[in-house]
1. Just to be sure before I move on: is Ala299 open to solvent by less than 90 Å² (accessible area, probe 1.4 Å), modelled with pLDDT under 80 and touching a helix residue (DSSP H, G or I) at 6+ places or on another chain (Cβ under 8 Å) in the structure I sent?
2. In region 155-191, which residue that is hydroxyl-bearing (Ser, Thr, Tyr) and modelled with pLDDT of 80 or more is least open to solvent (accessible area, probe 1.4 Å)?
3. So, Ile127, is that one open to solvent by 10 Å² or more (accessible area, probe 1.4 Å) and β-branched (Val, Ile, Thr) or not?
4. Which pairs have Cβ atoms under 7 Å, sit 6 or more apart or on different chains, and link a residue in region 137-157 that is over 30 Å from Asn184 (Cα atoms) to one that is part of a helix (DSSP H, G or I) and not aliphatic (A, V, I, L, M)?
5. Could you give every pair whose Cβ atoms fall below 8 Å, whose first residue belongs to region 51-63 and is touching a residue at least 60 places away in the same chain (Cβ under 8 Å), and whose second residue is surrounded by 10 or more Cβ atoms within 10 Å (Cβ to Cβ), counting only separations of at least 6 or pairs across chains?
6. Enumerate the pairs (first residue in region 378-393 and of a type in the set (S, T, N, Q); second residue anywhere and not in a helix (DSSP H, G or I)) with beta-carbon separation below 8 Å, excluding pairs fewer than 6 apart on the same chain, so at least 6 apart or on different chains.
7. Is there any pair linking a residue in region 165-177 that is more than 13 Å from Glu139 (Cα to Cα) and without any contact (Cβ under 8 Å) to a residue 40 or more places away in the chain to one that is open to solvent by 40 Å² or more (accessible area, probe 1.4 Å) and part of a helix (DSSP H, G or I), with Cβ under 7 Å and at least six apart or on different chains, and which?
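The values are calculated or read from the model by the stated rules, or taken from the named source; none is laboratory data. Every value quoted in this text rests on a predicted model; they were computed, and no experiment measured them. Reconstructed Cβ throughout: ideal geometry from the backbone, glycine too, with neighbour counts over all protein chains shown. We work out accessible area using only protein heavy atoms, side chains counted, and drop any ligands, DNA or RNA first. Shrake-Rupley method; radii C 1.70, N 1.55, O 1.52, S 1.80 Å.
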Amino acid sequence: MRYCLFTLSLFVLSNVGAQTSITDVLASVEVNNPRLKAGAQIVLSQKAEVASQNTLADPGFEFSHLWGTENAKDRKYDIAISQSFDFPSLYVQRNRIGNLKQTLFDSQQEALRQQVLLQAKELCLRIVCLNRTIQLADERQKAADELAQLYRKRLSSGDANILDVNKIEIEQLNAATANTRLRNELTACVAQLRALNGGEPLPLSEASLAHYPDKELPASFDDWKTQALAGDPELQSLRQENMIADKSVALNRAGWLPKFELGYRHAYELGERFNGLSVGVSIPLFANRKQVKIAKAQAVAGALSLSDSEQQVWASLQTAYNDAVALKGNLEKFELLVRQNNFELLQKALAAGKISMVEYLVNATQLYEAFENRLSLEYEYQLCLARMYKFEL
């Protein structure tokens, strides 16, 4: 039992990185996730739709056949083929906006990818926390079982009373209940992670996720903030939308330019044939009304929305960094607890009769709760780091 408790005090020191394990899980999720697959197909359809919006209109074909009422031989045939098109500069501007929209679609897909992978990574971190907490719970269960076995022998020899045995058995029951809850939660997290993986088997078992990635708090907030802002796909999408809105103002201004139509006509009338060209011009006196005003308002709204989003993201980054610093400081306070061998001291005091069974159980429970709090803080710290470095996913 002494060896068991001594191991319990030392296991929290082991934190060799298992970054490759979580990386493998994320790589599998990126390939198999249904949302990412659907998003990729949507991006393809959106890009094709944008490309189709900057093509020539369909050519027109007309055929007419007229005949006279007095003489059936008096017939007239008329064939016309025409092609309409916008002012050439409009195609250039639409092409530029189309390229920006395609970049926008890529940014939106990147934002979805980052969201899915962050969700998967958070589940991986929770699984790591549960595995480490289950390890602690197993040690607690083992210590309770050994203590119960020892006191049952003492009860049979008259060195202990039934009240002490009952208290230890209650400790056994509490430890077993907590262990069961942890394992149930672990099963649920693995099921959620497998769902993110498209129902496909995970590349690693949940038990292999027992250590956190080797990631440290940024040394400089300003450098990290710059990287985070530059790597935020949602902000990139807003910037692209703002650029598209600006380009749309110029495009709507060009909408006042006339449209043209060129064609070929062939006519047959009273034995004679006629061939020629037709030219048409359409002046947008009504179709483009207030379109420039609408585009300007949308551009202003987009710029304001972008500015507001940048301020909110900056504030959230500052909050996340401050939270991580606070969590790291609280974790360092537990280092003394890890170095102290309080479980062995409690065991010696109980064996020497210096403390009662009640005092032992009370102090041991406090130590277990302290280790659980440390594991919880460690998980929250790693979760905070994962969200801070989501731009690296």
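1. Details: open to solvent by less than 90 Å² (accessible area, probe 1.4 Å): yes; modelled with pLDDT under 80: no; touching a helix residue (DSSP H, G or I) at 6+ places or on another chain (Cβ under 8 Å): yes.
Taking the combined requirement at face value, the residue does not satisfy it.
2. Residues of region 155-191 that are hydroxyl-bearing (Ser, Thr, Tyr), as a first pass: 156-157, 177, 180, 187.
Those left that are additionally modelled with pLDDT of 80 or more: 177, 180, 187.
Values: Thr177: 57, Thr180: 75, Thr187: 93 Å².
My answer is Thr177.
3. Working: open to solvent by 10 Å² or more (accessible area, probe 1.4 Å): no; β-branched (Val, Ile, Thr): yes.
Considered against the rule, which asks whether it is open to solvent by 10 Å² or more (accessible area, probe 1.4 Å) and β-branched (Val, Ile, Thr), Ile127 comes out as no.
4. Final answer for the pair search is Tyr151/Asp164.
5. Close Cβ pairs satisfying both conditions: Gly60/Ala80; Gly60/Ile81; Gly60/Ser82; Gly60/Gln83; Gly60/Ser84; Gly60/Gly263.
6. Listed by first residue and then by second, the contacts come to Gln382/Tyr212; Gln382/Pro213; Gln382/Lys215.
7. If the second residue must be open to solvent by 40 Å² or more (accessible area, probe 1.4 Å) and part of a helix (DSSP H, G or I), the pairs left are Val165/Arg152; Val165/Leu155.
Per-residue answers, yes or no, for (1) surrounded by 15 or more Cβ atoms within 10 Å (Cβ to Cβ); (2) under 30 Å from Leu383 (Cα atoms); (3) in contact (Cβ under 8 Å) with a residue 40 or more places away in the chain:
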position: Asp222; (1), (2), (3): no, yes, no
position: Glu241; (1), (2), (3): yes, no, yes
position: Ala245; (1), (2), (3): yes, no, yes
position: Val249; (1), (2), (3): yes, no, yes
position: Gly255; (1), (2), (3): yes, no, yes
position: Leu262; (1), (2), (3): no, no, yes
